[in-house]
Structure formats: structure tokens, C-alpha cells
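Heads up, the thing below is written out as C-alpha cells.
Nothing in this text is a laboratory measurement; each read-out follows from the coordinates by a stated rule. Computed from a predicted structure; not experimentally measured. As a convention, Cβ positions derive from the backbone with ideal geometry for all residues, glycine included, and neighbour counts pool all protein chains shown.
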Amino acid sequence: MKTRVTELLGIAHPIIQGGMAWVATHELASAVSNAGGLGIIGAGGAPASWVREQIKAAKQETDRPFGVNLMLMNPEADAIAEVIAEERVKVVTTGAGNPGKYMNIWKEAGIKVIPVVASVALARLMERGGADAVIAEGTESGGHIGAQTTMTLVPQVADAVSIPVIAAGGIADGRGFAAAMMLGASAVQMGTRFVVAEESVVHTNYKEKIIKAKDIDSEVTGRSTGHPIRVLRNKMTREYLKKEQAGATLEELEALTLGALKNAVVDGDVVNGSVMAGQSAGLVHKTETCAEIIADVMSRAEKLLEN
Ligand code: TUI
């Protein structure tokens, strides 16, 4: 399928993989890119040296374009922005903030810049600042979220900017893909469905928790701290929400979540760890290769869109 985004990025299918912290390693990114989507290495909270190693590994594994996601709350964000420019990564996506101060070094390096936005205002600002496209991410997403739903955000962003819009949040199959196109998107970003991919290095316990999840199994922690994070319900979320409702301090709440994502992803502690996933977890039923996931989404979407 040809869209403004496949043309912009030189990819076969308009599917971008989410830049998930600890999950989106070079293994997953190169598998998605080799399958014709856009694979993304997620810098998350990692140091710049780790990001450089990941980029070098992905370059060995694929000749196709891939990207890096810079999570802007990373304490080494400035150094990672430099690494991305030095390594001449084809595409950068950003999350959890405003990447305006890096725009010039990335544009000068010929990098396509695609910020994640959760509001029309930031989408407009990013277009004025030279972004090549925006990812409009709804509150159905996993991890750090905004407040608007994908259904309402994507068409409002599409009306507000003339650069291509990529829809994210709650999209895990061909129906979601086709709906996103109807809302004005030129591609989709999927996270949760790729977490369970065969090539994903995530612990089996984490993958199984997503596969078993039903529609109502996610919770949002941190609404009171200003850092809302969508995760699957477990012992940690029950304790967190109880403390949050009782008016616990930021320090007390952070003690519950510090390092909790790594504990879940790497060590498989899905009881006390932070199992970030989107509301689409209820649509994700099995482990498949990235190529199978992309072929399934595209074939179902194409049938729906033909009608
Ligand atoms: O960034 C994400 N999702 C994430 S990042 C992450 S790692 C993390 N770990 C622990 C604590 C916090 C984060 C896990 N999930 N998605 C992209 C995204 N960006 N969603 C929402 C936003 C966003 C929100 C507000 C972007 C910009 C913004 O305002 C920018 C401004 O300053 O005006």
C-alpha cells in the first residue's frame, strides 16, 4: 500500500513499530524493518552508549530504513540526540515532550523527524518547527499517555496540519488500521502487538500476560503525579492506586515504580513489575513473527478498504 508515509520513509507497508523502552531493541527493530515496516530502537531511559551500540547492531541486521525513539525525559537526551545525528539514522521519533531544541541538528543530518503528539497544539508547533510527520497518539496506548482518544485526536490533528499523520493508540489489527485511514492517517504505529512478536526479546511472562489480557485489564497509574502510565493490572498497580488514592507523596509512589519496567520486561516479574501495554492487549492473541503480524494487518485492512 502506497501512502504519503511509505513515500516519505521508503518503506513497503505503512506500519511503524512503537519505540518502547526496554522492548524495542535492535532485534525487534531490524525484524520489523526487514518485514517492510519501520522498525524503531527505543532509547527509553538508557545511556547514549547503549543507543549507539543498538544502532550499530541494527545496521548489521538490515539494509532497510529504521529509526530511533528518543524519550525526552531521558537524562542523557542531549547526548542521544547527538548520537542519532552522528550515526545518520534515517528516522527519529520522540516521546513524552517537545523535541524542538533538537530539530536543527537532525534536519541538518538529513534525518526525518516524527514527534509523537497528544494534542493539536503540539502537532501545529511541530509542523512549524520542521517536523516531517507527526504521530497522533491516543490515550488507549501503553506507557506514558495523553488524555485524548485516538478516535478524536487523529482527525483533529489531520485537520490542523498538512504534514502526514500517523495514528497510534489502540491499533492492533487490520480493522484498527482501516479505521485509522478513515480518520485521516497515512500510517499507523503499533506497540503492544509487536511486544509479543517472536523476535521481541521480552520475557515470556510479559508476553503471556498480554496474550491473556482482556478488554478491561489495563489501569493508569500516576494520574495524580502528572505522569500517567498505562499498565496491565497486577499487585503493583493495586498497591499503587491504593496509595495514590490515599494521597501518598511522589517519593512513595516512585518507590513502587522505579526500575519496575525493567523488572517486568527483563526478569519477567509481572506481579510487582510495571507491565506497560495498551488497551489493545485484549486484541492480541498469539506470538507470531513480525512478518506474519504485518502481513495479517495489511491483508485484512486491504480487504476492508476495498469495500
Ligand atoms: O512516550 C511515550 N510513551 C512512553 S515513554 C515511556 S518510558 C517512561 N518510563 C517511566 C516514566 C515515564 C516514561 C513509556 N511510555 N509516548 C509518546 C507520548 N508522548 N505520549 C504522550 C506524549 C506527550 C505528552 C505531552 C508528548 C508531548 C507532551 O507535551 C509536550 C510539551 O512539553 O508540550
Pairs over 23 Å Cα to Cα, from Lys235/Lys262; Lys209/Lys262; Lys59/Lys303; Lys56/Lys209; Lys209/Lys235, come to Lys59/Lys303; Lys56/Lys209
Just to be sure I understand the model, the point goes 7 Å from the Cα along the line to the Cβ. What's the resulting Arg233 to Asn98 distance in nm?
3.7 nm
With bins of 5 Å, the percent of all Cα-Cα pairs of the stretch 214-276 per bin from 0 is 4, 20, 31, 26, 14, 4, 0
Please compute the alpha carbon radius of gyration of the chain, then divide it by the globular-protein estimate 2.2 N^0.38 Å. Two decimals is fine.
0.92
If I stretch the segment between Arg175 and Gln156 completely, what's the gain in nm (0.36 nm per residue apart, minus their alpha carbon distance), one decimal?
4.8 nm
With the 8 Å Cα cutoff and a minimum separation of six or more residues, the chain has a relative contact order in percent of 17 percent
Classify the stretch 158-241 as rounded, prolate or oblate from the Cα gyration tensor: take a ≥ b ≥ c as the square roots of its eigenvalues, call it rounded if a/c is under 1.5, otherwise prolate when a/b beats b/c and oblate if not.
oblate
In nm², the average projected area of the convex hull spanned by the Cα atoms of the stretch 32-148 is 7.0 nm²
Order 39-48, 148-157 from most to least packed using the mean count of other Cβ atoms within 10 Å.
39-48, 148-157
Under 8 Å for C-alpha pairs, at least 6 residues apart: give me the relative contact order for the stretch 214-276, rounded to a whole percent.
31 percent
Distance in Å, no decimals, from the C-alpha centre of the stretch 132-148 to the one of the stretch 231-268 is 22 Å
Which aspartates and glutamates does Lys2 reach when only Cα atoms under 13 Å apart count, and residues fewer than 8 places away in its own chain are ignored?
Glu302
Give me the aspartates and glutamates in straight-line cross-link reach of Lys207: C-alpha distance below 14 Å, same-chain residues under 8 apart excluded.
Glu198, Glu199, Asp267, Asp269, Glu288
Gained length - Asn205 relative to Lys243, 0.36 nm times residue gap less alpha-carbon distance:
11.1 nm
Inverse of <1/r> over all distinct C-alpha pairs of the stretch 33-91, i.e. the Kirkwood Rh in Å, gives 11.4 Å
Reachable lysines from Lys214, criterion Cα separation under 16 angstrom, eight or more residues apart if same chain
Lys286
